[in-house]
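Enquirer: Provided herewith is a single structure, encoded as structure tokens, for subsequent inquiry.
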Amino acid sequence: MNSFKQTILFTDSDGRARFREETLLLDQGTPQSRLSTLMASGGYQLRHSPVGFRSVFHVSSHPQWVFILQGQMQIGLQDGSSRTFGPGEHFYSADLLPEGAVFDPQVHGHWSCQCGPDPLVTLFVRG
């Protein structure tokens, strides 16, 4: 494998959150251990969300990788679509409020919730 598919949650030109897929090259390391280029980070946080957790519509405060360590996390968008991520899966959250915009919960952002029988444990790594 010489590339890695990454899911990105982003704010589109109309101010609405959307998902897209991008390819990240694994062009470092050795044939037995392919690596991407080293990316900078600005720290990390761990979060525990109990069974039944659900947020309201919001935007990300900082671009960040979200890694699911335990449980399942569902992300819902304004258009009614959603994606569910489980243990070992991740996405890059860059769903930021457009510059100069005032947050409108009918237009901007996404919601997140814990799914299934297990609490949700996530690792956030700021980009």
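Enquirer: Can you give the convex hull volume per residue for the Cα atoms of the chain, as a whole number of Å³?
Expert: Details: hull volume 15.5 nm³, N = 127.
In the chain, the Cα hull volume divided by residue count equals 122 Å³.
Enquirer: Show me, for segment 36-46, the HN-Hα J-couplings you get by feeding each phi into the Karplus relation (A = 6.51, B = -1.76, C = 1.60, θ = phi - 60°), rounded to Hz, glycine and proline as x.
Expert: Result, ordered by residue: 7, 5, 5, 10, 6, 9, x, x, 9, 9, 9 Hz.
Enquirer: Does a label point 7 Å from the Cα of residue 125, set along Cα-to-beta-carbon, have any residues of segment 37-74 with amide nitrogen under 19 Å, and which are they?
Expert: Hits in segment 37-74 for residue 125 at 19 Å: 37-48, 61-71, 73.
Readers should treat all values here as calculations from the given coordinates under stated rules, not as data from a laboratory. In this text the structure is predicted, and so the values were computed from the model without any measurement. Here the Cβ is made from the backbone with ideal geometry for all residues, glycine too, and neighbour counts use every protein chain on show.
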